[in-house]
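Q: There's a structure below that I have some questions on.
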Amino acid sequence: MDEMVLEISNLKVDFKHDGNYHTAVNGVSYHVRRGHTLGIVGESGSGKSVSSLSIMGLLPQPPQCRIEGSIHFWPANTTNHVEILDLKEAELRQYRGKHISMIFQEPMTSLNPVHRCGDQVMEILQMHEKISTKEAKRRVLSLFEEVMLPRPEKIFNSYPHEISGGQKQRVMIAMALICHPDLLIADEPTTALDVTVQKTILELLRNLQKKYNIGIIFISHDLGVIAQIADEIAVMYHGQIVEQGSANSILHNPQHPYTQGLLACRPPLDSRPSHLPTVKEFLEGNVNHIEPQLRNKVEMFHEVPLLQVHNLGVNYPLKRNIFGKVTKELKAVDGLSFNIYRGETLGLVGESGCGKSTLGRAILQLIEKNDGAITYDGIDLDKMSRSQQLIMRRKMQIVFQDPYSSLNPRYTIGEAILEPLQCHKIGANNTERRSKVLELMRQVGLDPSWYDRYPHEFSGGQRQRVCIARALILEPELVVCDESVSALDVSVQAQVLNLLNDLKSQYGYTYLFITHDLSVVKFFSDRIMVMQQGHIVEQGPADEIFNHPQHPYTQRLLEAIPKIN
């Protein structure tokens, strides 16, 4: 039998707010064996991260936080367990980092921006082992090679902002593994990464686990990702484990409606339904009406394009001389030409840094282009007057990726949606405008009684609905969705995609849908363009791109999509 490394029994965590305790984790029990991976899956707010932070002793101290139950941990080469909840802070520090390590979700905020990457990893090592700086550096560089970081010496001396997201995550993995821990907690370590980077990170974790016989807790909201790495799975909902067992039984024979809903709401790769099932429909037992109805193929390319982009170029300065003249440039968008037709959804897919968002912002004239021409409904955008530009602003809107930072925290959600109407002087008065806002809130699934609430009072999915309502309040013709579902749970993502499709059917919107998620872009798009390093390497109907990819880069992206086999 595999050796036990962690056992949690009846864990309960309460947080104090406004004088009352609110339960975040309620009676959770699970165990992790050495050399095995437990996948914990659930939506935001289900208690996944809170239960894991309690293992690390990183939750607030009483009375702000109250913890009950037991957390037994077995260090390597010992027969006796340690009760984590009985340890004092000084004792916890002996285990944290050395025996139990954690990879956090957001590497940019987890790494100190004012210290070099190598020094931050060395600090962990020298804190737990009495070795010289020279030996510590040698071990860090060796581990950087092991986690497949290119040019280890250069990255050792780099600051976090100087390396990519995937490289930052590898530095975090090296930091977690530098002392060869017995237990590794990976909290959504691939959520913000491209599918190709995600695939390599998952392979890396599996290889390192085999080499060092580590027990892993892998936390995610995506069962497709969990399927790639987990031996056992625990499904969490509202602070409780509603289902757990072997990965095979959970993925192929789920018993709880919540698990069934999480599996069903992932966009399928073998079909393009008109509606994605949602978790809510499964929990309410309202799934009988859900038919795998395939979407009709859109034929519109004989029409005059709504938007024409010709030879578009956008450059970013990399170096300037002492006189301020640019001496080196990055061609973020390099001579792109394409059309968008009225009523279609054009999907734009590619890895981070390929120029997708730059292209979207250049079309909306939020950044200046260097070359080329953009024509909207026969009008050259470069030749418009100020008054024409204001009218054009109404016709083209954008939904940004992050619903947190794209809303003003001092405005109520009603005021945020109302503001564009005031800017464009639409409506006779604020009463009439408010009435229009309340009606649109109903259409996007927001309760009109929430008009006077602030953004911090809402979940990520609800905030994204606010951003969608704010973009649609001006009744635009073209909507640019810039990674607008990337930060959402798969269940909330399904709701937002269904909403965007319903609004398109009702009002005839045209979408430019920018994403790095190929399963989402296939479900949502009529046509797909694949972008790599500022160029379009392939484009065509969504089914054609998925079924018969021609370019090696497209083939590599498709192979990296996490699948439940």
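Q: Whose amide H sits under 5 Å from the amide H of ILE185, counting only residues 5 or more places off or on another chain, with H placed in the peptide plane?
A: SER101, MET102, ILE103, ILE217
Q: Give the cross-link partners of LYS48 among the lysines, using a straight C-alpha distance below 30 Å as the criterion and excluding same-chain residues fewer than 8 apart.
A: The qualifying lysines are LYS12, LYS16, LYS88, LYS98, LYS168, LYS199, LYS210, LYS211, LYS280, LYS522, LYS563.
Q: For the range 218-283, what log10 I(q)/I(0) values come out of the Debye formula at q = 0.16 1/Å, with one point per alpha carbon and no solvent?
A: -0.53
Q: With θ taken as phi - 60° and the coefficients 6.51, -1.76 and 1.60, list the Karplus ³J(HN,Hα) couplings across the range 374-382 in order, rounded to whole Hz; mark glycine and proline as x.
A: Whole-Hz 3J(HN,Hα) from phi for the range 374-382: 10, 10, 10, 6, x, 9, 6, 5, 6.
Q: Something else about it: Which value, in Å² rounded to 10, gives the accessible area of ARG93 with a 1.4 Å probe and all protein chains present?
A: For ARG93, the solvent-accessible surface is approximately 120 Å².
Q: A follow-up question, please. Using just the helices of the chain, give the 222 nm mean residue ellipticity in deg cm²/dmol: DSSP H runs with n ≥ 4 each add -39,500 (n - 2.57), and the total is spread over all residues, rounded to 500. List each step's numbers first, then the result.
A: Details: 21 runs with 200 residues, N = 565.
Helix-only estimate at 222 nm: -10000 deg cm²/dmol.
Q: Please list log₁₀ I(q)/I(0) at q = 0.14, 0.16, 0.17 Å⁻¹ for the range 109-244, using the Debye equation with identical point scatterers on the alpha-carbon positions.
A: Each listed q maps to, in turn, -0.67, -0.85, -0.95.
Q: Give the Cα extents of the range 370-427 along the principal axes, in whole Å, largest first.
A: Per principal axis, max minus min of the Cα coordinates gives 38, 29, 16 Å.
Q: Here's something else I'd like to know. Output the relative contact order of the chain, whole-number percent, from Cα pairs under 8 angstrom with separation of 6+ residues. Please list the in-between numbers first.
A: Details: 1079 pairs, mean separation 81.9, N = 565.
Over the chain, the number comes to 15 percent.
Q: Let me ask you something else. Kirkwood hydrodynamic radius, the range 315-439, all distinct C-alpha pairs: what's the number in Å?
A: On the way: mean 1/r = 0.0559 Å⁻¹.
For the range 315-439, inverting the mean 1/r across all distinct Cα pairs yields 17.9 Å.
Q: Related question: Using the alpha carbon gyration tensor of the range 168-265, what are the three equivalent-ellipsoid semi-axes (square root of 5 times each eigenvalue), largest first, in whole Å? Don't skip to the end; give the middle numbers.
A: Working: eigenvalues 127, 44, 29 Å².
Largest first, the range 168-265 gives 25, 15, 12 Å.
Q: Right, next: When the distances between all Cα atoms of the chain are binned every 20 Å from zero, what whole-number percent does each bin get?
A: Each 20 Å bin holds this share of Cα pairs: 19, 50, 29, 3.
Q: Hey, another quick one. Taking 4 °C and 1.567 mPa s as the conditions, I'd like the Stokes-Einstein D for the range 40-103 in µm²/s, using the Kirkwood hydrodynamic radius from alpha carbon pairs.
A: Values: Rh = 13.0 Å.
My calculation gives 100 µm²/s for D.
Q: Quick one: what Rg and Dmax do you get for the range 373-495 from the alpha carbons, in Å?
A: Radius of gyration, then largest Cα-Cα span, for the range 373-495: 15.3, 45 Å.
Q: Right, something else. Tell me which residues come under 5 Å, amide H to amide H, from SER158 once H is placed; ignore anything under 5 positions away on its chain.
A: The answer is CYS117, GLY118.
Q: Same structure, new question: log10 I(q)/I(0), Debye, Cα-only the range 108-175, no solvent, q = 0.20, 0.24, 0.26 Å⁻¹?
A: After summing over all Cα pairs, the log10 values are -0.71, -1.02, -1.19.
Q: What does the convex hull of the Cα atoms of the range 1-126 come to per residue, in Å³, rounded to a whole number?
A: Details: hull volume 19.0 nm³, N = 126.
Convex hull of Cα atoms, per residue: 151 Å³.
Q: Which three extents, in angstrom, do the Cα atoms of the range 44-195 have along their principal axes, listed largest first?
A: So the three principal-axis extents are 46, 37, 26 Å.
Q: Oh, and also: SER505 accessible area, nearest 10 Å², 1.4 Å probe?
A: About 100 Å², ignoring ligands and nucleic acids.
Q: In debye to the nearest 20, how big a dipole does the chain give about its Cα centre with +1 on each Lys and Arg Cβ and -1 on each Asp and Glu Cβ? Walk me through the numbers on the way to the answer.
A: On the way: 58 positive and 64 negative charges, 303 e Å.
Result for the chain is approximately 1460 debye, rounded to the nearest 20.
Q: For a quick size check, give me the Cα extents of the range 483-564 along its three principal axes, largest first, whole Å.
A: Cα extents, longest axis first: 36, 29, 24 Å.
Q: For a quick check: with amide H placed at 1.01 Å from N, whose amide H comes under 5 Å from ILE528's, ignoring anything fewer than 5 positions away on the same chain?
A: For ILE528, the qualifying residues are GLY347, GLY540, ALA542.
Q: Take GLU89 and LEU318, extend 7 Å from each Cα along the Cα→Cβ direction, and tell me the distance between the two endpoints in nm.
A: Result for the modelled spin labels: 4.6 nm.
Q: How large is the charge dipole for the range 79-121, taken about the Cα centre, if only the Cβ atoms of Lys, Arg (+1) and Asp, Glu (-1) carry charge, to the nearest 20 debye? Write out the running numbers ahead of the final one.
A: Details: 5 positive and 6 negative charges, 34 e Å.
With only Lys, Arg, Asp and Glu charged at Cβ, the dipole is about 160 debye.
Q: Here's something else I'd like to know. Tell me the accessible surface of THR554 in square angstrom (1.4 angstrom probe, heavy atoms of protein chains only), to the nearest ten.
A: That residue has around 0 Å² of solvent-accessible surface.
Q: Also: Which lysines have a Cα lying under 27 Å from the Cα of LYS369, excluding residues fewer than 8 positions away in the same chain?
A: LYS319, LYS325, LYS328, LYS331, LYS356, LYS383, LYS395
The values are calculated or read from the model by the stated rules, or taken from the named source; none is laboratory data. Just so you know, these numbers come straight off a predicted model, no measurement behind them. Note: ideal-geometry Cβ built from the backbone for every residue, glycine included; neighbour counts use all protein chains shown. Keep in mind that these areas ignore ligands, DNA and RNA; they rest on the heavy atoms of the full protein, side chains included. Shrake-Rupley method; radii C 1.70, N 1.55, O 1.52, S 1.80 Å.
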